[in-house]
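FYI, it's all coordinate maths here, none of it is from the lab. Quick caveat: nothing in here was measured; it's all calculated off a predicted structure. As a convention, Cβ positions derive from the backbone with ideal geometry for all residues, glycine included, and neighbour counts pool all protein chains shown.
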Amino acid sequence: MVLGNLMKILNGEILLNKKYGENLYKMEIFSPYICKNALPGQFVNIKCCYEGMLDPLLRRPFGIYEIDKRFNVFTILYLIKGKGTLFLSKLKKGEILNFIGPLGNAIKIVTGAENYLLVGGGIGVAPLCLIARYLTDLQKNVYFMAGFKDELFFSWENDLIKIVRNYRIFTENGSFGEKGLPTNFIREHIDQYKKFNFICCGPREMLKALQDILQGKNIAAIALMEEMMACGIGVCMGCVIKIKEGNNAFTYKRVCSDGPAFNLMEVIFD
Ligand SMILES: Cc1cc2nc3c(=O)[nH]c(=O)nc-3n(C[C@H](O)[C@H](O)[C@H](O)COP(=O)(O)OP(=O)(O)OC[C@H]3O[C@@H](n4cnc5c(N)ncnc54)[C@H](O)[C@@H]3O)c2cc1C
Ligand code: FES
């Protein structure tokens, strides 16, 4: 069923649902439609219960992590948070997933921008990986920085090294990569990144810290926002965030249909 723009309600066979860490999973789904039509920055809204069941009632949004057009397979990387993601983690190869997609807007690549710094915090690295692949395919210079609490994302590095050569991984407890926060590193070395376009996704504290670091620096920065969602298609206004508009004014924007990519410097975190 076509819902508007290119989004459709789709069924896709699960080809893999692999545990990457304690509560971290990677799921591969067969979907020629998503592989043909989805672009970096977009997401899918997944039904997290069996057909005919209504609990949880609302679909759950997930950024598209990888697209393999050769085999018509797209991938999501997800953390178990609650009922919906627990349900996903129990699905087996061969079962059918019901989802709506592609949703949201693709990120816009500015003509002439050659250097990109992608900054991901926690599961925020997931949509950034597809963006990194897209930018490297365009021969852009891509540097990836990721920050995690601990070593949960250890296996994920094997995916990352297939996409980018230049990256740094930080953990708060030092159990994987360098000890510390990517934002502290960026703050200390900001002069190195003056000619970079930033694209970031992660916890609000990380996005807010980046906004503070970039204030007044005239560096372009896109943030992929991840608000709780209901409809996922721009109807319910359940996912709005405040975006600066002019001096001391703001407007509400829907993360699902106006985003999820926004100018980081215009996002109001309160
Ligand atoms: C555009 C978008 C892309 C996303 N991409 C990914 C992804 O690639 N991988 C991934 O693992 N997750 C992603 N998320 C978050 C994911 O949608 C939630 O983790 C999921 O909906 C939780 O469902 P649940 O039923 O398991 O948990 P629930 O029972 O609904 O919630 C469990 C806990 O998680 C919190 N939570 C739920 N949704 C969100 C959210 N959107 N942001 C912050 N906290 C939340 C709740 O407050 C609650 O504390 C994305 C969210 C958005 C909006
Ligand atoms: S989730 Fe309904 S408008 Fe965004």
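Quick notes
- Tyr252 versus Thr136: modelled label distance in nm, points set 7 Å from Cα along the beta carbon direction: 4.1 nm
- Distance between the pseudo-spin-label points of Ile190 and Leu86 (7 Å out from Cα toward the beta carbon): 4.3 nm.
- Of interest is the spacing of the C-alpha centroids, which for region 138-215 and region 216-234 amounts to 17 Å.
- Under the convention that each Lys and Arg Cβ holds +1 and each Asp and Glu Cβ holds -1, the size of the dipole of region 201-270 around its Cα centre is about 80 debye.
- Remark: the Asp212-Glu22 segment gains 65.1 nm on full extension, using 0.36 nm per residue and subtracting the alpha carbon distance.
- Unsatisfied cross-links (Cα-Cα over 26 Å) in the set Lys19/Lys81; Lys179/Lys253; Lys26/Lys217: Lys179/Lys253; Lys26/Lys217
- Per-residue Cβ neighbour rank within 10 angstrom, fewest leading, Ser155, Ser257: Ser155, Ser257
- Subtracting the Cα-Cα distance of Leu15 and Lys242 from 0.36 nm times their residue separation leaves 77.8 nm of extension gain.
- Cysteine residues of the chain whose C-beta has no other cysteine C-beta under 4.7 angstrom: Cys35, Cys48, Cys49, Cys129, Cys200, Cys201, Cys239, Cys256.
- Helix axis angle, 204-214 relative to the chain longest principal axis, alpha carbon, degrees: 30 degrees
- For the options Lys108, Lys92, Lys18, a Gaussian network treatment of the chain with springs between C-alpha atoms closer than 10 Å singles out Lys108 as fluctuating the most.
- Förster radius 41 Å - calculated FRET efficiency between Glu151 and Thr111, Cβ distance, rounded to 0.05: 0.55
- Within region 16-52, the chymotrypsin sites (Phe, Trp or Tyr not before Pro) that combine a DSSP coil assignment with at most 13 other C-beta atoms in a 10 angstrom radius are Tyr50.
- Prolate/oblate/rounded call for region 2-103, Cα gyration tensor, a/c under 1.5 rounded: oblate
- Taken one residue at a time, the phi angles of region 186-195 give Karplus couplings (6.51, -1.76, 1.60, θ = phi - 60°) of 5, 4, 6, 10, 4, 4, 5, 10, 5, 9 Hz. Gly and Pro are set to x.
- Sorted ascending by nearby beta carbons within 10 Å, beginning with the fewest, Lys244, Lys69, Lys47, Lys253 become Lys69, Lys244, Lys253, Lys47.
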